[in-house]
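The values are calculated or read from the model by the stated rules, or taken from the named source; none is laboratory data. Computed from a prediction, not measured in an experiment: that's the story for all the values here. Ideal geometry is used to build each Cβ from the backbone, glycine not excepted, and the neighbour counts take in all protein chains shown. Please note that ligands, DNA and RNA were not included when accessible areas were found on the heavy atoms of the full protein model with its side chains. Shrake-Rupley method; radii C 1.70, N 1.55, O 1.52, S 1.80 Å.
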Amino acid sequence: MRVIGLMSGTSYDAIEAAATDLTLEGDTLRMRSLGHLSVPYPDELRDLITATLPPATTTTQAVCALDTGIGQAFAVAAARALSELCDSAADLVVSHGQTLHHWVENGSVRGTLQLGRPAWIAEATGLPVVSDLRSRDVAAGGQGAPLVAMTDTLLLRGLPGVPAALNLGGIANVTVVAPGAEPLAFDTGPANALLDAAVRHFTDGAAAYDEDGRRAGAGRVSPDLLTALLDDPYYRRPAPKSTGKEHFHLPYLLRVLAAVPTPATDDVLATLTRLTAVTVADACRAHGVTSLVVSGGGLRNPVLTRMIAEELPGVALRPSDELGLPSDAKEALAFAVLGFLTVNGLPGALPSGTGARRAALLGSITPGLSPLRLPEPAARPPRLLRITAAVH
């Protein structure tokens, strides 16, 4: 089955589209990557997302406009992937949409909202679309995140020691696959979320992120600021747990900066980078992780990866590319896998990773131009993922 996966994370800078051929052979899911591409959001749509995200107030008109605008942007990305990566032939599109709110109260997720109406994608491509993948896990008592844990587990299973996958997006999450134990997955805290917010704030919007970690690399970590940031109760909650920009946002950071002596801008960025490294390392040590497979935009920040390595001496770090999963496309491919599982009648969430009562079939299906025909349900779920080289 040829599947296009679409993803935009908490950094909401672009839509990542990846195409892959997926085949289930016994307990092995075989993936042949067909390539990936990145489609930036139009500036006005990105600005509207920024203006609508918590803790901002909004209107139903703005939410409706976002639902349509994001859906149309995802449709453009899907149509490009269909044409440029698939020679105009595919079976399914899987769209994560754009998370606008992840509603957490006292450690429990009450709801989650991803916008981007799938009808636009189905209309543009003519293909059926699996979307809204998080809500069913939440309804089953889960966190609805991190859903990449299924792909992580299939990829890491069988590696020596206690391997873990680390994704460094707006929020950092890990999946730990220890021998003889159920996989564990959770958000460790912010990765780029506070860093990007700080850069935009201190540069008055002239820069969107700390390119190559240069400013953080030029700064010095403030022990007082780091201690204040680490005092957040989220870090002490047991896994599984999830968080997002509804918690780690600019007003949150400004409140902390108001409570401690404010260092220079580069020192703030150095401290925020160290915060991510410390919280990732604490999570890994707590679960005996011996190796880390890293992906996400934060992988392109050498100061961040250096700090993580410093916090985890003896733990090998390598990009997911070395296992055949392109780090820039990992989440898009992971959601392609989830949609494939859904249409084949298989659950896509791991209760040990999300805290759900049971493993649920994920998502809703929007038909394409043709009548919807689903495959016969698969006999059993996969245990392993095997990846062949990308086709260029």
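Quick rundown of the values:
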| quantity | calculated |
| --- | --- |
| With every protein chain in place, the stretch 290-392: carbon and sulfur % of accessible area (1.4 Å) | 55 percent |
| Extension gain from Leu369 to Thr203, taking 0.36 nm per residue of separation minus the Cα-Cα distance | 55.1 nm |
| Rounded Å value of the spacing that divides the Cα centres of the stretch 103-130 and the stretch 352-382 | 15 Å |
| The chain - convex hull of alpha carbons, volume per residue in Å³ | 131 Å³ |
| DSSP beta bridges in the chain [antiparallel fraction, %, rounded to 5] | 65 percent |
| Of the DSSP H helices in the chain, those whose Cα atoms cover at least 27 Å axially and whose Kyte score averages 0.0 or more | 60-84, 265-286 |
| Where the chain is the region considered: accessible area per residue in Å², 1.4 Å probe | 40 Å² |
| Protection-proxy order for peptides 105-112, 241-248, each taking the mean of Cβ atoms within 10 Å per residue, highest first | 241-248, 105-112 |
| Packing rank of 327-338, 176-187, where each peptide gets the mean count of other beta carbons within 10 Å, highest leading | 327-338, 176-187 |
| The chain - mean residue ellipticity at 222 nm from DSSP helices (-39,500 (n - 2.57) per run, n ≥ 4, rounded to 500) | -10500 deg cm²/dmol |
